[in-house]
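I have placed the structure first, in the form of structure tokens, so that the comments after it can refer back to it.
The values are calculated or read from the model by the stated rules, or taken from the named source; none is laboratory data. Fair warning: this is a prediction, and the values are worked out from it, not measured in the lab. With ideal geometry, Cβ positions are generated from the backbone for all residues, glycine too; neighbour counts draw on all protein chains shown.
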Amino acid sequence: MNLLVDWGSSLISLAHDIFQPSICPGDWVWASIMAGFLVGLLPPLGAVLIALVRKGTGNTYNAATLTVFGLFGGVFAFLLPWLYTNGVSETFRTVFHNAEVNPNGDTSVGTGLTATEAGSMGKAFCNMDPQVSYMGGRANVYEVLFHPFESGPMLVLRYAMLLVVPGIAILFVWLQARLAFRRGPKWPGRFYWLPFVAALVLSVAVAVNVATYMWIGVLLASVLGLLPLLVVGPPSWSVIERRYKQAAAQQQPQQQGAQRPPPYVPPPQPPPYKPQPPAQPVRTPPPTRVAPRMPEPEPDRQALAALAADPGPLPFASEKPTAVIRPAGSRFQKLRQLGTGGFGTVWLAKDTQLNRTIAIKMAHAPDAETEERMLREARALAAVHHPNCVRVYDIVSEGDGLGLIMEYIEGEQLAEVVHGQGVLGDLQAARLWLTMAGALSAAHAKGVLHRDVKPANVIVDPEGMPHLIDFGIARSKGDQTLTAAGMMVGTPDFLAPETATGATATPASDAWQLAATVSFALAGHPPRGVRENAMAALMAAAKAEPLSHLPQRSTHLRLLAASLDKDPARRPTLAAIQREITAWIARAGQETAGPVTQIVPRAQINRR
């Protein structure tokens, strides 16, 4: 008990020195609020320490880190708040007991307070009892809650101060834990806010007025405690990715070192029985052993500037395109024009030999430079295999140039869907982001950059599934002549800041453009808004002007803001995006597979 009084007297004395207005209900009552405020600063302090530790460890949750987090929660959210709260209560009770036993003597005996401090507690304010009696001579919290001796409005006020105020403080401590464990699993936050709940529950022996005023101060500090956590911020995405890379590196040698199943050795045949030949024994094949599933390749940040030199097999047999590209003849029958742009015209056509609908992308001018570009495009696209990426079938020579034979995806552009049907909801946008991130990851794993991800290059089929099209400006490592003529590559409204300034495009640039596309799907506007012309939009992208049109009401706002950071190194990778979105969909109780928008009627598509 002396330990509690020592802790409590030191805190209440410090609080009295800091804040002691001599007004109703009394200087020591106000000091109790200040003592509660100081106690309320302890959980934010522990949460800040956790956030700082995670700056270096990220989402590495092992025995060491969990022990550290548990210690922080036990000390800063349970032990110290409980000791100080009960200590302040015992200090007032000791002074009150001394005053009853020896009214004219020194009431500071056994409290750690000075005689002057203890004596001033006997002063009364605003026609109330002396402060020492008001704070230390009343019932405790348990007695008031379970054996109330008051009634009417006073009882309601008591319950509000003893239940509602601590409950709100618990809510803000829970928010502190959420901020401390941002960009990672939220379950470790239980190591922090549950001890705080335990500290409040175990404080039922505290004098009721001490608890009332101290918990007011705890609530104020809990609210302000969110600010330093916002300043510290979450761990960087590169630190978070380190954990997954290490896990993949540890898993790969184990899989490579896995032993193959032993060969099947048939059992020895029994000796033949001469009078009657024995029946042949039925051989039981050995059990099938399934090889462990290899992890999906994930691009990492070390490969940002070093994409694969060879993006995949060529869709033709020789590196001399003019010698091997065969004429199409009359095999492909053009039906109608689908679109045109700076790099070619796309036609809806029919493959008369295979009797299927295809899309042909024709070059505007049959010169050597255009042919080289078409071959690079074909090689890049042929290397990518993903159900949500457009597929390349062939490359042929037509009368007006080279023709890239591609899969025809029936549907509407995402931009048209948003303008016609309205913006997407959070679930549909999450599925869009997850699907397109997987498509881009497959392209990046083959050394292919898209470089023009935008709503017009996402086609939503009649089932509501998105498809990434038009890798017409995709390039692999070494393709430096694609912009030699000074042509701007990419749409300015959806152009990453670094590429707008002329820097080399990276997977982080594709990730920025994908986030801008998702933001458009949620808000109906590009993240920087729409400029009056392409040059103004390009200047806005190069200057990394503020993102003024983000979907403020979306639950994905935080992840969008991080993905649209002007610094590529601070953006989450596509692998991190996939993990975050998958976890969000799982928490929402939904399936990751599903339409991203309303199903487009086939008749409506045919009319376009």
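Quick notes on this one:
- Any chance THR116 is part of a helix (DSSP H, G or I), free of Cβ contacts under 8 Å to residues at least 24 places away in the same chain, in the same structural domain as ALA51 (by TED's automatic domain parsing) and within 26 Å of ASP17 (Cα to Cα): yes
Yes or no, residue by residue, for (1) of a type in the set (Gly, Ala, Ser); (2) modelled with pLDDT under 85; (3) over 26 Å from VAL239 (Cα atoms):
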{"site": "GLU532", "(1), (2), (3)": "no, yes, yes"}
{"site": "ALA537", "(1), (2), (3)": "yes, yes, yes"}
{"site": "ALA541", "(1), (2), (3)": "yes, yes, yes"}
{"site": "GLU545", "(1), (2), (3)": "no, yes, yes"}
{"site": "HIS549", "(1), (2), (3)": "no, no, yes"}
{"site": "GLN552", "(1), (2), (3)": "no, no, yes"}
{"site": "LEU557", "(1), (2), (3)": "no, no, no"}
{"site": "SER563", "(1), (2), (3)": "yes, no, no"}
{"site": "LYS566", "(1), (2), (3)": "no, no, no"}
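- Residue selected from region 548-584 under the condition surrounded by fewer than 19 Cβ atoms within 10 Å (Cβ to Cβ) and β-branched (Val, Ile, Thr), by the criterion nearest to PRO507 (Cα to Cα): THR582
- Residue under evaluation ASN86, criteria (1) assigned to a helix (DSSP H, G or I); (2) more than 30 Å from TRP28 (Cα to Cα), criterion not met: (2)
- Residue match in region 185-208 (condition: at pLDDT below 90, under 19 Å from ASN62 (Cα atoms) and in a loop (DSSP other than H, G, I, E, B)): yes
- Matching residues, region 143-189, being more than 26 Å from PHE37 (Cβ to Cβ) and either buried (at least 18 other Cβ atoms within 10 Å of the Cβ) or touching a Lys or Arg at 6+ places or on another chain (Cβ under 8 Å) (or both): PRO148, GLU150, ARG183, GLY184, LYS186, PRO188
- Among the residues of region 554-573, the ones that are among the hydrophobic types (A, V, I, L, M, F, W, C) and closer than 12 Å to GLN513 by Cα come to 2 in all.
- Yes/no for THR555 being in contact with an Asp or Glu (Cβ under 9 Å, 6 or more places away or on another chain), among the polar types (S, T, N, Q), in a loop (DSSP other than H, G, I, E, B) and within 24 Å of GLU416 (Cα to Cα): yes
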